[in-house]
Protein chains: 2
Amino acid sequence: MNYANKRFAVTGGAGFIGSHMVDALAARGARVTVVDDFSTGFQEFVSKHENVTLVRGDLLDPEVPKRAFEGHDFVFHFAANADVRDGLKHPRKDVEQNTLVTHNVLEACRAHGIKDFGFSSTGALYGDTAVLPTPEDAPFPIQTSLYGASKVACEGLITAYAFGYGFRVYIYRFVSMLGPRYTHGHVADFYRQLRAHPDHLDVLGDGNQQKSYLHVTDCISAMLTVVEKSKMPNDVHIYNLGHTEWISVKESVGVICKELGISPKLNFAGGDRGWVGDAPKILLDTKRLRALGWTDTRSVADSVRDTLRFLKENAYALR
Amino acid sequence: MNYANKRFAVTGGAGFIGSHMVDALAARGARVTVVDDFSTGFQEFVSKHENVTLVRGDLLDPEVPKRAFEGHDFVFHFAANADVRDGLKHPRKDVEQNTLVTHNVLEACRAHGIKDFGFSSTGALYGDTAVLPTPEDAPFPIQTSLYGASKVACEGLITAYAFGYGFRVYIYRFVSMLGPRYTHGHVADFYRQLRAHPDHLDVLGDGNQQKSYLHVTDCISAMLTVVEKSKMPNDVHIYNLGHTEWISVKESVGVICKELGISPKLNFAGGDRGWVGDAPKILLDTKRLRALGWTDTRSVADSVRDTLRFLKENAYALR
């Protein structure tokens, strides 16, 4: 792909993964429009590259993407409510911020004849699958969280647009990502706690939850590899993104404490999962992605350390 | 189940399948509230049984189900946009009428502490599956229609409510149903045409599309069998509803023409499917349902004839 010829719009381009995508596209010579409402994004994350333009706006208003996307060739849609844990406290949020916003974004693409569409989906939509590692064509999953339910709703809309309107769609089912600019999840939670009280740490679940994590730079290289190389029927490109390794919460705590040079007392809340709808074990089968020649370059422990270092050096990110 | 002790609300209770459910529940002694906006329902279908009350209203307004469900024990949610074929003409309709309405209905249940929730889903959400007959745990399907996409979105919401809020949910993945009060689909289309011009019939696709159909009385008996007998983990009861037989469009045309005593010239539009997103072959695996002791009682050809007879005797239904 000749990036220098193309105009990309990146929704959520001031967020964790979106901002890394903006950097990668601009570095390849593309012109990029960031669309973000800064509800969870950071001004500090927005690229200052001369090819990058910023549009502020809430995508729940259909006119916002319609105005922002004019003249673009490709949309990467990252903007979403990514707060999995508190979904049950505000059950309309995932419906609005994920399902409805994605529909608005698709409609804006259709209005402007934009056919290339990349979407950040999630391994959470495999629910409590019994198949580990989980491939893309795992048995039809039962959704256990409102977040997973909203992402499966988005995927359905996106592939229906591929079949119905000729979109070329790139759907990435992410494990949790780690690395610079990651301001949520267990590393940030633990670091916040340990800054306040280095002598003890409260851990959700029993600490044996096993998760796979990928470094955000490996995530971006995987996403662009798919765009450049994937061949799939009907231009529906669905790929798991993840690491072959996984790490238990306890092991991750060990990496963090070693890096901080502390030995807190660990208080486990108990139970096999962190919260309702949390999958106690996540490991995605990434053979489809690796067959394109992509490989991860960082260990999970290295990604945990890299996230922690970013947080230590950028106090604003924990505000 | 002691139906006489229970109050049911049936959304879409003036529609094809919903109205049959209302009749069946009232006949078992239950008190039933029909909630319908008559956008596709018929006043003529609404039960005149003394146990049945009618509430008119559009469920896209969250206050409508909230008012209608007060004091109820069980909600059967049938109300939906069931116009699969024209989804691409108005891509917001499935999002609103199916996904958002279902969320409003779930929230109204939650507001009133109603935990029992039945939902009319569809075999269309298996998309272009390669597995025939298709079981409930078929490989994770790719949605090919906006209708299928909206129903998979609804299922996700419903099961997330089961995990998050303790709902007992009954999800029925229907093949197309036939029988009295069916006013859409190929039987009604063909009958409308043949009434206007008995000498020729335009048929979508090449006539070789194979579909399975179930009689609506068998559908209702299956739904109630599931409520009465199903045992599934987490009270998430997902069942395919269908016939073991299937019938080609050509064979169905034969049944209809014989019943009408005519021999029209057949004009096939060609192609392997009726419209974009139409699955050319639908046959659901119903072993899970049949293991509960349920069986179908009518052949597919018999169901086609029964639908046709209803349409011949009730001209209002083709208005």
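One table, with the values for the structure above:
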| item | result |
| --- | --- |
| Sites residue B:86 and residue A:92 - FRET efficiency at Förster radius 25 Å, r taken between beta-carbons, to 0.05 | 0.35 |
| Aspartates and glutamates whose Cα lies under 15 Å from that of residue B:265, excluding same-chain neighbours fewer than 8 positions away | B:199, B:202, B:206, B:251 |
| Convex hull volume per residue for chain B, taking Cα atoms only, in Å³ | 123 Å³ |
| At q = 0.07 Å⁻¹, base-10 log of I(q)/I(0) for the protein assembly as shown (Debye sum, equal scatterers on each alpha carbon) | -0.48 |
| Segment residue B:315-residue B:63, extension gain: residue separation times 0.36 nm, minus the distance between their alpha carbons | 87.2 nm |
| Between the stretch B:269-319 and the stretch B:42-60, the alpha-carbon center distance in angstrom | 25 Å |
| Expected 222 nm ellipticity per residue - DSSP helices of 4 or more, -39500 (n - 2.57), all of chain B, to 500 | -10500 deg cm²/dmol |
| Principal axis box of the stretch A:133-218, alpha-carbon based, largest edge first, Å | 57, 28, 23 |
| Part-to-part distance (alpha-carbon centres) for the stretch A:146-187 and the stretch A:92-124, which is given in Å | 9 Å |
| Proximal lysines to residue B:231, defined as alpha-carbon separation beneath 22 angstrom and excluding residues fewer than eight positions away on the same chain | B:6, B:115, B:287 |
| Cα→Cβ-extended label distance, 7 Å offset, between residue A:269 and residue B:244, nm | 4.9 nm |
| Cα long-axis angle, helix B:249-260 against chain B (0 to 90 degrees, to the nearest 10) | 80 degrees |
| Packing-based exposure ordering (other Cβ within 10 Å, fewest first) of A:169, A:32 | A:169, A:32 |
| Crossing angle, helix B:216-229 versus chain B [Cα axis fit, 0-90 degrees, rounded to tens] | 30 degrees |
| Sequence-distant residues sharing a close amide H with residue A:54 (under 5 Å, placed H) | A:34 |
| Computed over the stretch A:4-95: relative contact order in percent, which uses C-alpha pairs under 8 Å that are six or more apart | 34 percent |
| The stretch A:152-264, Cα convex hull volume normalised per residue, Å³ | 129 Å³ |
| Quarter of the Cα convex hull surface for the stretch B:79-228, i.e. its orientation-mean projected area (nm²) | 10.8 nm² |
| Listed residue pairs exceeding 19 Å between alpha carbons, taken from B:258/B:312; A:151/A:229; B:89/B:312 | A:151/A:229; B:89/B:312 |
| Nearest-0.05 FRET efficiency for residue A:229 and residue A:202, computed from C-beta distance (R0 30 Å) | 0.10 |
| Mean projected area in nm² (Cα convex hull; one quarter of hull surface) for the stretch B:165-210 | 5.7 nm² |
| Residues whose placed amide H lies under 5 Å from that of residue A:7, excluding near-sequence neighbours | A:73, A:74 |
| Neighbour-count ranking [beta-carbon atoms within 10 angstrom, fewest first] of B:219, B:257 | B:257, B:219 |
| Alpha-carbon Rg with Dmax, taken over the stretch A:21-69, Å | 11.2, 31 |
| Computed over chain B: relative contact order in percent, which uses C-alpha pairs under 8 Å that are six or more apart | 18 percent |
| Which of A:200, B:77 has the fewest Cβ neighbours within 10 Å, and the rest in rising order | A:200, B:77 |
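Computed from the coordinates by the stated procedures, all read-outs in this text should not be read as laboratory data. All of these numbers come straight from a predicted model, not from anything done at the bench. All Cβ positions, even for glycine, are placed from backbone atoms using ideal geometry, and neighbour counts span all protein chains on display.
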